[in-house]
Amino acid sequence: MFEKLKKFCDSFLDAGLPGFDLIIYKDGECVLRYMNGYSDLENKVKINGKERYNIYSCSKPITCTAAMQLWEKGLFSLDDKLSDYMPEFKEMTVQTEDGIKKAENPILIKHLFEMTAGFSYDINSPELKKAREETNGRCPTRETMKYLSKEPLCFEPGESWKYSLCHDVLAAFVEVVSGEKFADYVKKNIFDVCGMSDSTFLIPESQRDELACQYKFIEGKPVNIGKMNGFVLGAEYASGGAGAVSTVDDYMKFLEALRTYKLLKPETLKLMTTDRMNDAQRKAYASATNHGYGLGVRCERGDNDKVIDFGWGGAAGAYLSIDMKNNISIYLGSQLLCSPVQGLRSYIYRLVRCEIIDPSEFDEVKELLKCMQNYELTY
């Protein structure tokens with residue numbers, strides 16, 4: 001079983017991926033754990049399944065889950081103004097073709113989840129550089145937002161969609177609403193609940209050696225770039241959008257806890273995984289062809305019965321998928337930034353469907369992959 005899927009993932013190694021670790025659950029049971037390649041390419045250390053990875057944007061569903069737990073408690077409304085909780089965001093500016101102008105629309109809490117607030121992903125902007133300097137490299141999560149608020153937005157809140165620091169702001173918002181440090185809140189209400197003992201948003205310096213080697217695809221090959229995460233702005237910065245560290249086993253515990261409503265109520269998860277995009281936002285959304293976007297996750301759009309999962313991915317190759325209808329959870333661990341196979345990860349879900357749900361879909365998936373530049377399935 002899963003021979004086509006295994007061969008597909010093995011082809012990632014030929015393309016330059018140092019290694020991967022794939023896990024699939026069906027109906028609460030592990031039906032596949034398949035790993036290949038190296039956690040340390042230079043020293044030929046084989047992946048063993050215990051690696052701790054920087055999971056980058058696979059942090060985002062954790063952050064959104066944390067915030068939605070507080071929403072369930074009635075501590076905020078999605079339509080509330082962000083400035084009611086974080087006053088520095090009251091008087092915002094917007095970069096326009098005619099220069100910087102005062103924003104006409106307020107940032108609402110829902111905009112943070114939806115990636116429609118107007119922020120960018122420029123972690124080296126003038127104000128964030130100043131945050132590093134003035135906090136002596138600490139960049140506490142909540143305090144750093146006071147610097148970010150001084151940067152002009154890319155568009156009026158709600159008018160478009162842009163992948164951005166929205167979920168980093170959401171992490172600081174969790175601190176304000178919960179009264180706890182974001183990393184502490186997540187540990188207590190998600191990681192400890194799920195038994196995720198190897199996961200954290202602020203990895204101690206003493207544990208950095210436990211991270212898998214991290215690579216970047218440069219000039220056609222993987223280059224070891226060390227273990228640091230550039231999206232973690234400082235020693236006290238819990239990046240809700242990209243800062244978590246986890247293992248494949250731990251992250252699957254999170255996915256299964258989501259799927260079985262251990263972390264959120266059914267109606268809350270349904271809200272989180274329902275497409276919220278209008279036409280203007282969809283036009284700016286790179287994945288609009290196959291998925292919609294909900295409260296922090298890609299999700300079913302409603303016009304493609306072959307793409308009914310929700311999830312997201314990370315900059316170094318991590319990928320998550322949950323299919324609620326068929327009780328399937330998928331997670332891929334990886335450690336290559338700028339990976340040449342980054343755009344192929346979504347086909348893991350499609351190939352799992354071919355194995356578990358409908359084998360006749362394989363011919364369709366095969367044809368789709370043939371259309372991908374420089375890629376062709378050969379079986």
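The values are calculated or read from the model by the stated rules, or taken from the named source; none is laboratory data. None of these values were measured; they are calculated from a predicted model. Every residue, glycine among them, receives a Cβ derived from its backbone with ideal geometry; neighbour counts consider all protein chains shown. Calculation scope for accessible area: heavy atoms of the full protein, side chains included, ligands and nucleic acids excluded. Shrake-Rupley method; radii C 1.70, N 1.55, O 1.52, S 1.80 Å.
Cβ-Cβ below 8 Å, separation at least six or inter-chain, first residue in the stretch 224-237 and free of Cβ contacts under 8 Å to residues at least 60 places away in the same chain, second in a loop (DSSP other than H, G, I, E, B): which pairs?
Hits for this filter: V232/S239; V232/A242; V232/G243.
Considering only residues that are under 16 Å from F182 (Cβ atoms) and free of Cβ contacts under 8 Å to residues at least 60 places away in the same chain, which ones fall in the stretch 130-144?
Result: R142, E143.
Quick check on S164: is it touching a helix residue (DSSP H, G or I) at 6+ places or on another chain (Cβ under 7 Å), polar (S, T, N, Q), touching a residue at least 12 places away in the same chain (Cβ under 8 Å) and on the phi < 0 side of the Ramachandran plot?
no
Hey, does the stretch 347-356 have a residue that's farther than 16 Å from I24 by Cβ and not small (G, A, S)?
No: zero hits.
Okay, residues lined up against (1) modelled with pLDDT of 95 or more; (2) touching a helix residue (DSSP H, G or I) at 6+ places or on another chain (Cβ under 9 Å):
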residue	(1), (2)
T247	yes, no
F254	yes, yes
L263	yes, yes
K283	no, no
F310	yes, yes
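For the stretch 164-180, which residues satisfy the criterion of being of a type outside the set (S, T, Y) and in a helix (DSSP H, G or I)?
Selection gives C166, H167, D168, V169, L170, A171, A172, F173, V174, E175, V176, V177.
Sort out which residues of the stretch 186-221 are touching a residue at least 24 places away in the same chain (Cβ under 8 Å), farther than 27 Å from V174 by Cα and charged (D, E, K, R), and write them in order of number.
Of everything in the stretch 186-221, those that are touching a residue at least 24 places away in the same chain (Cβ under 8 Å), farther than 27 Å from V174 by Cα and charged (D, E, K, R) turn out to be E210, K216, K221.
Assuming L295 fulfils every condition listed in (1) within 13 Å of the chain's Cα centre (by Cα); (2) under 27 Å from F12 (Cβ atoms) apart from one, which condition is it?
Against the list (1) within 13 Å of the chain's Cα centre (by Cα); (2) under 27 Å from F12 (Cβ atoms), L295 comes up short only on (2).
Here are some conditions: (1) in contact (Cβ under 8 Å) with a residue 12 or more places away in the chain; (2) assigned to a loop (DSSP other than H, G, I, E, B); (3) in contact with a helix residue (DSSP H, G or I) (Cβ under 8 Å, 6 or more places away or on another chain). I322 meets all but one. Which one does it not meet?
(2)
Suppose the filter is buried (at least 18 other Cβ atoms within 10 Å of the Cβ), within 18 Å of the chain's Cα centre (by Cα) and of a type in the set (A, V, I, L, M); does A171 pass it?
Numbers: buried (at least 18 other Cβ atoms within 10 Å of the Cβ): yes; within 18 Å of the chain's Cα centre (by Cα): yes; of a type in the set (A, V, I, L, M): yes.
Yes, satisfied.
Identify all residues within the stretch 190-216 that are open to solvent by less than 40 Å² (accessible area, probe 1.4 Å) and at pLDDT 95 or above; write none if there are none.
Residues satisfying the conditions are I190, F191, C194, G195, M196, S199, T200, F201, Q214, Y215.
It is to be established whether one or more residues within the stretch 347-370 are in a strand (DSSP E or B), over 22 Å from D275 (Cβ atoms) and either aliphatic (A, V, I, L, M) or open to solvent by 10 Å² or more (accessible area, probe 1.4 Å) (or both).
Taking every residue of the stretch 347-370 in turn, none turns out to be in a strand (DSSP E or B), over 22 Å from D275 (Cβ atoms) and either aliphatic (A, V, I, L, M) or open to solvent by 10 Å² or more (accessible area, probe 1.4 Å) (or both).
Tell me whether the stretch 243-258 contains one or more residues that are free of Cβ contacts under 8 Å to residues at least 12 places away in the same chain and either out of contact with any Cys (no Cβ under 9 Å at 6 or more places or on another chain) or over 16 Å from Y56 (Cα atoms) (or both).
Residues of the stretch 243-258 that are free of Cβ contacts under 8 Å to residues at least 12 places away in the same chain, as a first pass: none.
No, that holds for no residue.
Okay, residues lined up against (1) of a type in the set (S, T, N, Q); (2) under 25 Å from V176 (Cβ atoms):
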site	(1), (2)
F201	no, yes
Y215	no, no
G220	no, no
N229	yes, yes
A238	no, yes
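Show me the strands (runs of 3 or more DSSP E) found entirely inside the stretch 19-129 where at least 2 residues are crowded, with 18+ Cβ neighbours inside 10 Å and either out of contact with any Lys or Arg (no Cβ under 7 Å at 6 or more places or on another chain) or free of Cβ contacts under 8 Å to residues at least 24 places away in the same chain (or both).
Working: elements: 19-26, 29-40, 93-96, 99-102.
Correct list: 19-26, 29-40.
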